[in-house]
1. Step by step: first the residues of the range 138-159, then only those that are touching a Leu at 6+ places or on another chain (Cβ under 9 Å) and assigned to a loop (DSSP other than H, G, I, E, B), then the one that is surrounded by the fewest Cβ atoms within 10 Å (Cβ to Cβ). Which residue is that?
2. Considering only the range 81-93, state which residues are surrounded by 24 or more Cβ atoms within 10 Å (Cβ to Cβ) and either in a loop (DSSP other than H, G, I, E, B) or among the polar types (S, T, N, Q) (or both).
3. Can you pull out every residue in the range 101-113 that is in a strand (DSSP E or B) and small (G, A, S)?
4. Would you mention how many residues in the range 13-52 are part of a loop (DSSP other than H, G, I, E, B) and either surrounded by fewer than 16 Cβ atoms within 10 Å (Cβ to Cβ) or of a type in the set (D, E, K, R) (or both)?
5. Does any residue of the range 114-137 turn out to be more than 24 Å from F213 (Cβ to Cβ) and not in a strand (DSSP E or B)?
Amino acid sequence: MKTAVVVFPGSNCDRDLAVALEQVTGRKPAMVWHKESELPDGTDFIGLPGGFSYGDYLRSGAMAARSPIMRAVKDAADRGVPVIGICNGFQVLTEAALLPGALMRNSGLHYICRPVALTVENSQTLFTNCYEQGEELLIPIAHHDGNYQADEETLDRLEGEGRVVFRYAEECNGSARSIAGILNRNGNVLGMMPHPERAFEPAHGCTDGRRLFEGLLETVNA
């Protein structure tokens with residue numbers, strides 16, 4: 001499995017994601033600078049990491065979504081290549097129109113950094129096939145703009161099409177219908193605010209995020 005992690009100015013979770021991918025795949029991912037116009041040939045998976053791309057100026061993820069590399073990310077996603085956007089990466093995916101909705105300021109207007117309980121809403125996806133339906137996970141969050149919002153029609157469509165993948169099991173940021181992670185229509189692009197790469201090995205205090213990457217590897221290599 002050949003993976004790539006896109007690095008923007010202000011990314012600060014790119015190494016965390018790269019370490020997780022290397023441990024699962026046995027291969028170092030390509031670290032692709034945002035000014036590049038192409039992804040490495042044969043890329044099987046793309047990760048957009050957390051952080052504060054461009055200092056969160058304008059809107060979180062808005063400037064990064066217009067980086068040259070995002071054209072290649074969009075083309076790859078259209079071909080069916082799996083893409084995950086974590087935290088700031090989720091914000092970038094919504095700003096790039098690869099996912100619907102927007103990530104707004106947390107309802108409490110404070111930065112939140114702590115483990116939260118999540119519920120697996122759909123275990124039949126590229127990213128969640130190693131989880132059980134309804135399973136509760138403990139995954140850290142670290143965000144100031146993680147309040148997912150969309151119009152009611154969009155929310156109903158996401159629910160009806162099984163595209164709500166993770167839901168907060170506790171109130172934390174005001175997200176509509178407690179949504180923590182969603183898929184695109186084709187099921188190969190996942191955006192989520194919690195950080196599975198920070199719940200990967202025993203030293204993190206929890207390993208509930210590891211199976212997301214293991215399941216993806218299993219599916220891609222099948």
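Read the figures in this text as sums done on the coordinates, not as results from a lab. Here the structure is a predicted model, which is why all the values come from computation and not from measurement. Note: ideal-geometry Cβ built from the backbone for every residue, glycine included; neighbour counts use all protein chains shown.
1. H144
2. Passing the criteria: C87, N88, Q91.
3. A102
4. 11
5. Kept after step one, since they are more than 24 Å from F213 (Cβ to Cβ), are these residues of the range 114-137: none.
Within the range 114-137 (the criterion being more than 24 Å from F213 (Cβ to Cβ) and not in a strand (DSSP E or B)), the answer is no, since none of the residues qualifies.
Let's see how each residue does on (1) within 15 Å of L48 (Cα to Cα); (2) of a type outside the set (F, W, Y); (3) touching a residue at least 60 places away in the same chain (Cβ under 8 Å):
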site	(1), (2), (3)
R177	no, yes, no
A180	no, yes, yes
G187	no, yes, yes
M193	yes, yes, yes
R198	yes, yes, yes
E201	no, yes, yes
D208	no, yes, yes
G215	no, yes, yes
N221	no, yes, yes
